[in-house]
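Nothing in this text is a laboratory measurement; each read-out follows from the coordinates by a stated rule. Just so it is clear, the model here is predicted, and its values are computed rather than measured. In this analysis, Cβ positions are derived from the backbone assuming ideal geometry, glycine residues included, and neighbour counts consider all displayed protein chains.
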Amino acid sequence: MPAIVVEGGRPLRGTVGVLGAKNAVLKEMAATLLAPGRHIISNVPAILDVELMGRVLGHMGAHTKLDGHELSVVIPDSLDPEAPIELVRAMRASIIVLGPLLARCGEARVALPGGDDLGARPIDFHLGGLEQMGAHFELVHGVLVGKCEGKLRGTEVELPFPSVGATENMLLAGTLADGETVIINAAREPEIEDLASMLCSMGAHIEGAGSAIIRITGVENLEPVRHGVIPDRLEAGTYAIAGAITGGDITVTSCVPSHLRMELLKLEETGCEVERGEGWMRIQGPERPKAVDFATLPFPGFHTDMHPQMVALLSVADGTSVITENLYDARFRYVGELLRMGADITTEWQHAVIRGVERLSGAPVLAHDIRAGAALVLAGLRADGVTVVGDAHHIDRGYEGFASKLAALGGAVEHRAE
């Protein structure tokens, strides 16, 4: 398995750019299933999850090719509406093909998803909304089989929680449904706005994306499109914390600072100096951060995928921080790896108490998921000695050239294939 090797003690300085949002491009790749022809998606990161989603689409008959950061997706006139277990188990985002397959083909066979091990992340909200639109499902040998008689029907769906995935599946399904679909208590993430923008360019009629109520009026057909993906706020936020934890001075470009409003406010509370501009932000880290409290919440709250990186920073803070994880019940699995590096953290149910220590110590650790892996690399940047982050393929799922970008900022960071 690949590993990232980090020698700590070097402040990071310089400028780093980010690419398109992983959490947008994967859903936009699924959206291409709605319209036969050649789609072009630009600003696409060369990450493992894009490759995996390309393989999912390829099994259905599509052809994908990534040339630099431009992705070509050719959708055939006829699809095989199946996503098999060997592909789906590697990436939870593949459940998003349910909506477009049901809308376009009237059926879908999708294995139950895998991906990061963050505990129970049920898809009940997805299925409940699609059932209200006329689909029915059964589980056959681990495969979710969905069918609808004729076209999906527009309806009003009120989500019990503003689930990103459920909102996206309803949004995709509603584009070709008969009549109007209204999503109440919809997720408001920037990535959903970007997906809606792409769908509108394809000919969809969507109002309210980015708000709690989204209205979709179904159309007869959609057309192929050329679309540029919004910047990845999680990649940008990770580099911001890399600057903060090393006491460095980093400028992040090709980003949207307003998409990280709460995260940047919390960095300022730790003592960072943060400047924001049109498409850039600058973070100057303190010699030692101050303790802060935070809770993860749906957008515009603090993003759960920035939680581990922030905990890495707070592990060396002056004082005690208390955080609450409201979204994923197994998000704290990485804490044991930080303890191995000398952090003082206790967890109970959805809460963690972080008692900041003056120094971390490099150690061999394992990345259990994308963001946990990134957090351990950041901790290694601050630690004494050498940290070896194993199972770095998880990091490769969400970051293109993570080690090389940190090295270009002055970090002693190397990606090793084995």
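If only the Cβ of Lys and Arg carry +1 and only the Cβ of Asp and Glu carry -1, the dipole of the stretch 1-124 around its Cα centre is close to 300 debye.
The packing ranking, built from the mean of other Cβ atoms within 10 Å per residue, places the peptides 192-198, 284-290 in the order 192-198, 284-290, highest first.
With Cβ to Cβ distances under 10 Å as the rule, what net charge do the other residues near Val73 carry (K, R +1; D, E -1)? Intermediate values should be presented prior to the final figure.
Details: positive: Arg38, Lys65; negative: Glu28.
Local net charge: +1.
Annotation: lysines with alpha-carbon distance below 20 angstrom to Lys27 (same-chain offsets under eight excluded): Lys65.
Compactness of the stretch 22-228 was expressed as the Cα radius of gyration divided by 2.2 N^0.38 Å, which yields 0.91. What you get for the stretch 22-228, charging only the Cβ of Lys and Arg (+1) and of Asp and Glu (-1), is a dipole of about 200 debye around the Cα centre.
A dipole drawn for the chain from +1 and -1 charges on Cβ atoms has a positive end, and of Thr320, His59, Ala166 the residue lying farthest that way is Thr320. Extent along the principal axes, Cα only, for the chain: 64, 45, 40 Å, with the longest axis given first. Put a plus charge on the Cβ of each Lys and Arg, a minus charge on the Cβ of each Asp and Glu, and nothing anywhere else: the dipole of the chain about its Cα centre is then about 480 debye. Taking packing as the residue-averaged number of other Cβ atoms within 10 angstrom, the listed peptides 174-182, 314-322 run from highest to lowest as 174-182, 314-322.
The average projected area of the stretch 361-418, computed from the convex hull of its Cα atoms over all directions, is 3.5 nm². Modelled spin-label separation between Ala46 and Glu131, with each label point placed 7 Å from Cα along the Cα-to-Cβ direction: 4.5 nm. Distant-in-sequence amide contacts of Ser42, defined by a placed amide H-H separation under 5 Å and a gap of 5 or more residues or a different chain, comprise Leu71, His227, Gly228, Val229.
Computed log10 I(q)/I(0) for the stretch 98-213 at 0.11, 0.16 Å⁻¹: -0.33, -0.72, from the Debye equation with unit scatterers placed on every C-alpha and solvent omitted. In the stretch 176-328, the inverse of the mean reciprocal separation of distinct Cα atoms equals 17.2 Å; this is its Kirkwood hydrodynamic radius. Once the gyration tensor of the Cα atoms in the stretch 8-100 is diagonalised, the equivalent ellipsoid follows with semi-axes of 29, 16, 10 Å, ordered largest first. In this simple spin-label model, placing a label point 7 Å from the Cα along the Cα-to-Cβ direction at both Glu207 and Asp124 gives a separation of 3.3 nm.
Subtracting the Cα-Cα distance from 0.36 nm times the residue separation, let me have the gained length for Ser258 to Thr324 in nm, one decimal. Provide the component values of the computation, followed by the final result.
Working: separation 66, 0.36 × 66 = 23.76 nm, distance 2.27 nm.
Going from the current span to full extension adds 21.5 nm.
Residue separation of Ala408 and Arg226 scaled by 0.36 nm, minus their Cα-Cα distance, works out to 62.3 nm of gained length.
Work through the residues other than Leu19 whose Cβ is under 12 Å from its Cβ and net out their charges, Lys, Arg +1 and Asp, Glu -1. Intermediate results must be reported in sequence, preceding the final value.
Working: positive: Lys22, Arg233, Lys405; negative: Glu70, Asp232, Glu235, Glu400.
Net local charge, Leu19 excluded: -1.
When the stretch 22-228 is described by a simple charge dipole with +1 on each Lys and Arg Cβ and -1 on each Asp and Glu Cβ, the residue from Ile96, Thr155, His69 located farthest towards its positive end is His69. The fraction of all Cα pairs in the stretch 266-353 landing in successive 10 Å bins from 0 to the largest distance is 16, 47, 30, 7, 0, given as whole percents.
Work through the residues other than Glu107 whose Cβ is under 13 Å from its Cβ and net out their charges, Lys, Arg +1 and Asp, Glu -1.
Values: positive: Arg104, Arg109, Lys147, Lys151; negative: Asp80, Glu82, Glu138, Glu149.
Around Glu107, the charge tally is 0.
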